[in-house]
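Participant: Can you keep this structure in mind? I'll have questions shortly.
The values are calculated or read from the model by the stated rules, or taken from the named source; none is laboratory data. All values derive from a computational prediction rather than experimental measurement. Here Cβ is always computed from backbone atoms with ideal geometry, including for glycine, and neighbour counts include all displayed protein chains.
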Amino acid sequence: MKCCVVSLFPDLVAQVAEHGVIGRAAERGLLELTFENPRDYADDVHRTVDDRPYGGGPGMVMKYEPAAAAIRAARARLPEGSPVVCLTPQGQVFDQSTARRYAELPGLVLLAGRYEGIDERLMSAVDEELSLGDFVLSGGEIAAMAVIDAVTRLLPGVLGDAESAVQDSFMAGLLDHPHYTRPEDVAGQKVPSVLLSGDHAQIARWRYKQALGRSFLRRPELISKLELDREQQALLDEFLKESGKET
């Protein structure tokens, strides 16, 4: 995938491609990460990219002209069909289904806002607005890094075991099941016996039951979206009975 980030602080975002899974993806050419800095398109000696807001108020606003030129340059780097996504608190909340959709695209332009916001007229050059949640960051760079990480790990060949991505939280609309590794006993806390049984069908059933139960207790809105069938409801009821949390 080709991804170009429009940012006033490209070095901050570049770090996401220097470490771990995403770094290895970049090294192998599975992710191509480039940048456009609006400062490079400012037409004054001070390379000004912000100005005071019309109507008054605190803070500064990202100027239209430098950012628009940077977006045009970013579009030119990427294949046709690569959307421009603005990272902003006003956007739709980013989730796993959006990450899956982005992973199927040929490219992605991520616009990282700064200051009090960007000139609203830039929205004419934006295809989507995206948010990490109901909180405010100092800029869109951290959000851009999160999107790059979430999308890149879904690209074919990025993870050593393709099943790792399939079994991640939210891939089936649920939270992930619990995980255990050696030692078998930690201060009296033992690994569930089913995981030691070698019965893969029972292990899969237990894991799915735990995913259902965790989601019900921690993120009930996920369960409400699923419209559980009889088998899923039976597993959830079994989990709640075993955990003493019957409703």
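Participant: Which is over 26 Å from residue 58 (Cα atoms) and at pLDDT 95 or above, of 145, 171?
Facilitator: Working: 171 fails: at pLDDT 95 or above.
Sole residue among the options that is over 26 Å from residue 58 (Cα atoms) and at pLDDT 95 or above: 145.
Participant: While we're on this one: Taking residue 80, is it part of a helix (DSSP H, G or I), surrounded by fewer than 17 Cβ atoms within 10 Å (Cβ to Cβ) and of a type in the set (Asp, Glu)?
Facilitator: So residue 80 fails the test.
Participant: Residues of segment 110-128 being in a strand (DSSP E or B) and either out of contact with any helix residue (DSSP H, G or I) (no Cβ under 9 Å at 6 or more places or on another chain) or surrounded by fewer than 17 Cβ atoms within 10 Å (Cβ to Cβ) (or both), which ones?
Facilitator: Of everything in segment 110-128, just one residue is in a strand (DSSP E or B) and either out of contact with any helix residue (DSSP H, G or I) (no Cβ under 9 Å at 6 or more places or on another chain) or surrounded by fewer than 17 Cβ atoms within 10 Å (Cβ to Cβ) (or both), namely 128.
Participant: Moving to a separate point now. Residue by residue through segment 224-245, note down the ones that are modelled with pLDDT of 95 or more and aliphatic (A, V, I, L, M).
Facilitator: 234, 235, 236, 240
Participant: A further question on this structure: Where the second residue is in a helix (DSSP H, G or I) and aromatic (Phe, Trp, Tyr) and the first is touching a residue at least 40 places away in the same chain (Cβ under 8 Å) and lies in segment 52-79, which pairs have Cβ atoms under 6 Å and are six or more apart or on separate chains?
Facilitator: 70/41
Participant: Considering (1) among the β-branched types (Val, Ile, Thr); (2) assigned by TED's automatic domain parsing to the domain that holds residue 25; (3) touching a helix residue (DSSP H, G or I) at 6+ places or on another chain (Cβ under 6 Å), say which one residue 158 fails and leave the rest.
Facilitator: Residue 158 satisfies all of (1) among the β-branched types (Val, Ile, Thr); (2) assigned by TED's automatic domain parsing to the domain that holds residue 25; (3) touching a helix residue (DSSP H, G or I) at 6+ places or on another chain (Cβ under 6 Å) except (2).
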